[in-house]
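Undergrad: First the structure, which I've put down as structure tokens, then a few questions once you've had a look.
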Amino acid sequence: MAANIKKNNKESLARKKVLVSGAGGFIGNHLVTFLRKKGYWVRGVDLKYPEYSLTDADEFELLDLRRWDNCLQATRGIEEVYALAADMGGMGFISSHHSEILRNNALINIHTLEASRVNGVKRYFYTSSACVYPEYKQTETNVVPLKEEDAYPAQPQDAYGWEKLIIERLCHHYREDYRLETRIVRFHNIFGPLGSWEGGREKAPAAMCRKVATVKLTGNHEIEVWGDGKQTRSFCYIDDCVEGIYRLMRSSFHEPLNLGQDRLISINELAKMVAKIAGIKIKIKHVEGPQGVRGRNSDNSKLRKVLKWEPKISLEDGLAKTYSWIEDQVRIKFHK
Ligand code: NAD
């Protein structure tokens, strides 16, 4: 075990100890950095170390959280848990791999929550998703923004969303039955630097940045977009995401809460925005591919009311930072 633990904890005793699961992933890695800056002692746990940066965690353990004994190890001595570990990816990944996703994520979350109870964790943050919302509310591109109560009657599109709904319920029951304080967030498409940008698990903004950076470097200005590209989404920059996570964790609100931007944009418009940032003209070629629901947007009324705050970073500013990082990654790959 000693080999897979990175320790940097001389002054750790006075600081509140928190666990970030999924700390090798995109949001988890950023959250570890944010919490360290706030003065917490942070244990990160994941199957892997962050791929694109070093971790800022005081201690990092490589553990498979599908296993009960590993969940007990991960939550030992911890006051607060931020549960981000999940087998997930963009539309291409979650519209297939249903059994794998449902099985792996259910095991991770059921065991992490119970281990937290057994180890006396005081507060537990669960990362749910806009994928819990029913398909029948998302059939138009100019979709009505989704309110938290729209989740029922339930009809999520994919197994990924069903698992999130079940664990939302489990958090609710643990809070009522065992007085473990739980907080539940429903993210709407988080993006930013240091996230997956190739390999099949990347989400639309990262995939678009990679495609645009690639055509910029090759000079062939045609990029592929799945479907007719008129499907719509909203996108939230990572710095707003971690700020929102923290504010919700510190609040007394224990029902599920949306966390995202409420600016709707089509995938075609997203592609053009990235091309403008890159300073090139592109030609979009529409090809067969999974598109998910036709339209999805976040209703932020409750978020504003509960947290007296909402995400502020514009899509243009967030994409500019993300594009710049991904263009660098693509250049490095080209020159290998
Ligand atoms: P990510 O894939 O970058 O990070 C998830 C991490 O969990 C990965 O590093 C992965 O290795 C780890 N993991 C998977 N299986 C594990 C296991 N068995 N044991 C330990 N670790 C394991 O994803 P992300 O974008 O950082 O998402 C974090 C959380 O937020 C997830 O729960 C995800 O479902 C949720 N979420 C994200 C978004 C988004 O837009 N990124 C949207 C909705 C919900």
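The values are calculated or read from the model by the stated rules, or taken from the named source; none is laboratory data. Everything numeric in this text was worked out from a predicted model, so none of it was measured. Heads up, the Cβs are rebuilt from the backbone with ideal geometry, glycines too, and the neighbour counts pull from every protein chain shown. The accessibility values were calculated without ligands, DNA or RNA, using every heavy atom of the protein model including side chains. Shrake-Rupley method; radii C 1.70, N 1.55, O 1.52, S 1.80 Å.
Undergrad: Counting just the residues of segment 177-210 that are more than 25 Å from TYR49 (Cβ to Cβ) and hydroxyl-bearing (Ser, Thr, Tyr), which one comes out nearest to the ligand (Cβ to nearest atom)?
TA: For segment 177-210, the residue satisfying everything is THR182.
Undergrad: So how many residues does segment 73-92 have that are assigned to a loop (DSSP other than H, G, I, E, B), more than 9 Å from the ligand (Cβ to nearest atom) and under 14 Å from ALA23 (Cα atoms)?
TA: Taking segment 73-92 and keeping what is assigned to a loop (DSSP other than H, G, I, E, B), we get 75-79, 84-90.
Remaining after also requiring more than 9 Å from the ligand (Cβ to nearest atom): 75-79.
Now restrict to residues that are under 14 Å from ALA23 (Cα atoms): 75.
Residues meeting the conditions: 1.
Undergrad: While we're on this one: Only one of (1) touching a residue at least 40 places away in the same chain (Cβ under 8 Å); (2) more than 8 Å from the ligand (Cβ to nearest atom); (3) in a strand (DSSP E or B) is not met by GLY44, so which one is it?
TA: Among (1) touching a residue at least 40 places away in the same chain (Cβ under 8 Å); (2) more than 8 Å from the ligand (Cβ to nearest atom); (3) in a strand (DSSP E or B), the lone unmet condition for GLY44 is (1).
Undergrad: Now for a different question. Please specify each residue of segment 51-85 satisfying the condition of being crowded, with 22+ Cβ neighbours inside 10 Å and closer than 12 Å to GLY25 by Cα.
TA: THR55, ALA83, LEU84, ALA85
Undergrad: Sort out which residues of segment 256-300 are touching a strand residue (DSSP E or B) at 6+ places or on another chain (Cβ under 7 Å), within 21 Å of TYR133 (Cβ to Cβ), part of a loop (DSSP other than H, G, I, E, B) and among the aliphatic types (A, V, I, L, M), and write them in order of number. Can you show your working first?
TA: Filtering segment 256-300 for residues touching a strand residue (DSSP E or B) at 6+ places or on another chain (Cβ under 7 Å) gives 256-262, 264-268, 271, 282-287, 289-291, 295-300.
With within 21 Å of TYR133 (Cβ to Cβ) added as a condition, the list becomes 256-262, 264-267, 290-291, 295-300.
From what is left, the residues that are part of a loop (DSSP other than H, G, I, E, B) are 260-262, 264, 290-291, 296-297, 299-300.
Passing the criteria: only LEU264.
Undergrad: Okay, moving on. Please specify each residue of segment 215-241 satisfying the condition of being of a type in the set (Ser, Thr, Tyr), surrounded by 18 or more Cβ atoms within 10 Å (Cβ to Cβ) and either free of Cβ contacts under 8 Å to residues at least 60 places away in the same chain or away from the ligand (no atom under 15 Å from the Cβ) (or both). Outline the logic, then answer.
TA: Step one: list which residues in segment 215-241 are of a type in the set (Ser, Thr, Tyr), which gives 218, 232, 234, 237.
Going one step further and asking which of them are surrounded by 18 or more Cβ atoms within 10 Å (Cβ to Cβ), we end up with 232, 234, 237.
Within segment 215-241, THR232 is the sole residue that qualifies.
Undergrad: Residue check, LEU303 against (1) closer than 26 Å to TRP325 by Cα; (2) touching a residue at least 40 places away in the same chain (Cβ under 8 Å); (3) outside any loop (DSSP other than H, G, I, E, B), all met but one. Which one?
TA: Evaluating LEU303 over (1) closer than 26 Å to TRP325 by Cα; (2) touching a residue at least 40 places away in the same chain (Cβ under 8 Å); (3) outside any loop (DSSP other than H, G, I, E, B) leaves (1) as the failure.
Undergrad: Out of the residues in segment 283-336 that are surrounded by 16 or more Cβ atoms within 10 Å (Cβ to Cβ) and modelled with pLDDT under 95, which is farthest from ALA206 (Cα to Cα)?
TA: The extreme case among them is VAL293.
Every residue, every condition in (1) surrounded by 22 or more Cβ atoms within 10 Å (Cβ to Cβ); (2) assigned to a helix (DSSP H, G or I); (3) out of contact with any Cys (no Cβ under 9 Å at 6 or more places or on another chain); (4) of a type in the set (Phe, Trp, Tyr), yes or no:
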position	(1), (2), (3), (4)
THR127	yes, no, yes, no
GLU140	no, no, yes, no
GLY161	yes, yes, no, no
LYS164	yes, yes, no, no
ARG169	no, yes, yes, no
ARG175	no, yes, yes, no
GLY199	no, no, yes, no
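Undergrad: Among ALA115, ALA106, which is assigned to a helix (DSSP H, G or I) and open to solvent by 10 Å² or more (accessible area, probe 1.4 Å)?
TA: Step by step, each of ALA115, ALA106 is checked, and only ALA106 is assigned to a helix (DSSP H, G or I) and open to solvent by 10 Å² or more (accessible area, probe 1.4 Å).
Undergrad: Given the criteria at pLDDT 95 or above, among the β-branched types (Val, Ile, Thr), within 14 Å of the chain's Cα centre (by Cα) and closer than 24 Å to TRP162 by Cβ, does THR112 qualify?
TA: On the way: at pLDDT 95 or above: yes; among the β-branched types (Val, Ile, Thr): yes; within 14 Å of the chain's Cα centre (by Cα): no; closer than 24 Å to TRP162 by Cβ: yes.
So THR112 does not fit the description; no.
Undergrad: Next up: Out of the residues in segment 47-72 that are more than 21 Å from MET88 (Cα to Cα) and in a loop (DSSP other than H, G, I, E, B), which is farthest from the ligand (Cβ to nearest atom)?
TA: Checked segment 47-72; the qualifying residue farthest from the ligand (Cβ to nearest atom) is ASP58.
Undergrad: Would you please list the contacts, defined by Cβ atoms under 6 Å and residues six or more apart or on different chains, that run from a residue in segment 242-253 that is buried (at least 20 other Cβ atoms within 10 Å of the Cβ) to a residue that is of a type in the set (D, E, K, R)?
TA: As it stands, the answer is LEU248/ARG183, since those pairs meet every condition given.
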